[in-house]
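**Student:** This structure is in structure tokens; I'll ask about it shortly.
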Amino acid sequence: MEYENLQTPFSKAFLTGVFVGIVSTFICLTYNLIYRAETGFVPTDIINVASIIFGVNILFIVIGLIYFALTKASGKGELVFIILFSLLTVFLAWQAEGVNRSLNHEMTVEFRGLLLGVIIITGIGATFLIPFLFHSKGFEKNVL
């Protein structure tokens with residue numbers, strides 16, 4: 001049986017963003033669970049299961065659309081995307097180190113660790129997984 005490609009570049013970028021979002025969500029939830037168990041960090045006002053599930057998935061839908069727009073706009077759009085999201089990840093990680101969550105220093109340090117982990121997981125997914133999977137024939141054939 002011959003495989004017929006029915007994906008447009010838009011749908012491929014969008015669905016790749018959705019898939020990477022789901023994978024990143026599971027990784028972030030696992031990190032959240034392990035981090036909280038190891039550190040004893042309890043407050044869930046900002047980073048919690050619901051915010052991870054909805055936030056990461058919506059973010060990756062938008063990232064997939066940005067990937068499509070940049071690759072459509074220019075032949076070097078993918079390189080621009082990778083550089084842009086690499087720099088954005090580094091910038092957000094740097095900013096996370098300055099977050100002041102509470103007057104309690106220990107709680108602030110623990111929150112920074114949790115936030116930094118989520119930023120790095122999301123950044124790796126956006127920067128490397130979306131371009132890699134977008135071009136993967138096996139991913140297109142077996143997942144999309």
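**Student:** Only one of (1) within 30 Å of Thr8 (Cβ to Cβ); (2) touching a residue at least 60 places away in the same chain (Cβ under 8 Å) fails for Ile46. Which number is that?
**Tutor:** (1)
**Student:** Moving to a separate point now. Evaluate segment 38-55: report whether one residue or more is modelled with pLDDT under 90, open to solvent by 50 Å² or more (accessible area, probe 1.4 Å), of a type in the set (A, V, I, L, M, F, W, C) and outside any helix (DSSP H, G or I).
**Tutor:** yes
**Student:** Between Ile120, Ile66, which is of a type outside the set (Asp, Glu), outside any loop (DSSP other than H, G, I, E, B), open to solvent by 70 Å² or more (accessible area, probe 1.4 Å) and out of contact with any helix residue (DSSP H, G or I) (no Cβ under 6 Å at 6 or more places or on another chain)?
**Tutor:** Exactly one of Ile120, Ile66 is of a type outside the set (Asp, Glu), outside any loop (DSSP other than H, G, I, E, B), open to solvent by 70 Å² or more (accessible area, probe 1.4 Å) and out of contact with any helix residue (DSSP H, G or I) (no Cβ under 6 Å at 6 or more places or on another chain), namely Ile120.
**Student:** From (1) modelled with pLDDT of 85 or more; (2) farther than 17 Å from Ser11 by Cα; (3) of a type outside the set (Lys, Arg), pick out the condition that doesn't hold for Phe132.
**Tutor:** The failed condition is (2).
**Student:** Now a separate question. For residues that are free of Cβ contacts under 8 Å to residues at least 40 places away in the same chain, under 29 Å from Ser11 (Cα atoms) and open to solvent by less than 50 Å² (accessible area, probe 1.4 Å), tally how many sit in segment 75-113.
**Tutor:** So the count comes out to 2.
The values are calculated or read from the model by the stated rules, or taken from the named source; none is laboratory data. As the structure is a prediction and not an experimental result, all values here were calculated from the model. Backbone-built Cβ (ideal geometry, glycine too); neighbour counts: all protein chains shown. Please note that ligands, DNA and RNA were not included when accessible areas were found on the heavy atoms of the full protein model with its side chains. Shrake-Rupley method; radii C 1.70, N 1.55, O 1.52, S 1.80 Å.
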